[in-house]
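Please read the structure below before turning to the comments.
The values are calculated or read from the model by the stated rules, or taken from the named source; none is laboratory data. Everything numeric in this text was worked out from a predicted model, so none of it was measured. Ideal geometry is used to build each Cβ from the backbone, glycine not excepted, and the neighbour counts take in all protein chains shown.
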Amino acid sequence: MAKIYKPTTPGRRGMTGYDFSGLSKVAPLKSKTTGFKRDKGRNNQGRITVRHRGGGAKRLYREIDFKQEKMDIEATVFALEYDPNRTTRIARLHYKDGDKRYVLAPEGLKVGDVIKTASKRSPLKLGNRVKLKYIPQGTQVYNIEMTPGRGGQVVRSAGSFATVLARDGGYTQIQMPSSEVRQISSESFASIGRLSNSEHNKINLGKAGRSRHLGIRPTVRGSAMNPVDHKYGGGEGKSGRGTRRPKDIWGNITGGRKTRKKKNNSNKFIVRRRKK
């Protein structure tokens with residue numbers, strides 16, 4: 001459940017926050033943390049390529065093990081922690097061989113649980129990581145490999161999960177969170193369950209300052225700009241945009257135009273496109 005604040009100020013009215021009561025009161029694992037400089041929307045030449053980014057609170061980066069390649073070695077969940085760099089919670093694992101790593105934490109995982117990455121067929125236990133060919137239809141999975149051995153690349157955000165639908169010819173059909181149905185090699189690994197912090201999309205920041213703490217700068221409406229600054233700028237009063245198709249600041253069409261490359265090599269793996 002999201003935390004609700006008393007309306008002591010206008011900014012507090014309607015504001016909601018996270019409930020951290022289920023997390024462990026431990027310091028971050030020092031061997032898996034490092035400081036880092038955020039790009040803040042700039043490329044390697046220092047030019048802004050993504051607008052409305054900058055500032056924000058200083059963060060400590062947690063190194064997440066998306067591969068979980070330690071086969072058939074059991075790991076105990078030592079702690080469940082908050083990660084400022086991602087929306088879901090993370091779990092600190094202590095392996096039997098003494099290794100310690102961070103992984104994405106699924107909903108329902110508790111301190112003291114034992115999980116592992118299995119090279120063969122294994123019990124479908126929450127948090128276990130197995131190949132898609134061993135996972136039955138209807139199972140919820142996350143942190144899925146697109147290419148075997150590359151590590152989890154998709155379904156990694158708070159509350160998300162994909163569903164195993166069918167298998168055919170060495171491929172497994174997966175329904176992604178976007179509703180797209182996609183074929184992925186059955187040799188790819190996936191973790192069992194759905195990711196934690198499912199209330200993330202219901203959080204109401206409440207005030208502009210909280211966005212600035214997250215590193216999000218203000219966004220100005222195009223209609224509020226001058227004609228030289230935007231396609232919608234200028235005019236007396238609240239003028240219409242003067243064009244049938246919505247455009248961005250550079251005049252590129254943004255609404256109703258497919259942005260995926262028509263000759264994308266992975267098009268052949270899409271069984272059904274996502275619902276519009």
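Counting only strands (runs of 3 or more DSSP E) that sit wholly inside the stretch 81-193, those with at least 2 residues that are among the charged types (D, E, K, R) and in contact with a Leu (Cβ under 8 Å, 6 or more places away or on another chain) are 100-104. Within the stretch 79-86, at least one residue is at pLDDT 95 or above and out of contact with any Lys or Arg (no Cβ under 7 Å at 6 or more places or on another chain). If you go through the stretch 211-236 and keep only what is free of Cβ contacts under 8 Å to residues at least 60 places away in the same chain, closer than 30 Å to Pro10 by Cα and either surrounded by 15 or more Cβ atoms within 10 Å (Cβ to Cβ) or among the aromatic types (Phe, Trp, Tyr) (or both), you end up with Ser211, Gly222, Ser223, Met225. The set of residues from the stretch 237-276 being exposed (fewer than 10 other Cβ atoms within 10 Å of the Cβ) and either in contact with a Phe, Trp or Tyr (Cβ under 6 Å, 6 or more places away or on another chain) or in a helix (DSSP H, G or I) (or both) comprises Asn265, Lys268. Within the stretch 55-90, the residues that satisfy the criterion of being closer than 21 Å to Arg156 by Cβ, touching a residue at least 24 places away in the same chain (Cβ under 8 Å) and of a type in the set (Asp, Glu) are Glu63, Asp65, Glu69, Glu81. Being under 30 Å from Thr76 (Cβ atoms) and either touching a helix residue (DSSP H, G or I) at 6+ places or on another chain (Cβ under 7 Å) or assigned to a helix (DSSP H, G or I) (or both) is a condition met by no residue of the stretch 217-224. Of the listed requirements (1) more than 30 Å from Ala2 (Cα to Cα); (2) among the hydroxyl-bearing types (Ser, Thr, Tyr); (3) buried (at least 18 other Cβ atoms within 10 Å of the Cβ), Tyr142 misses just one: (1).
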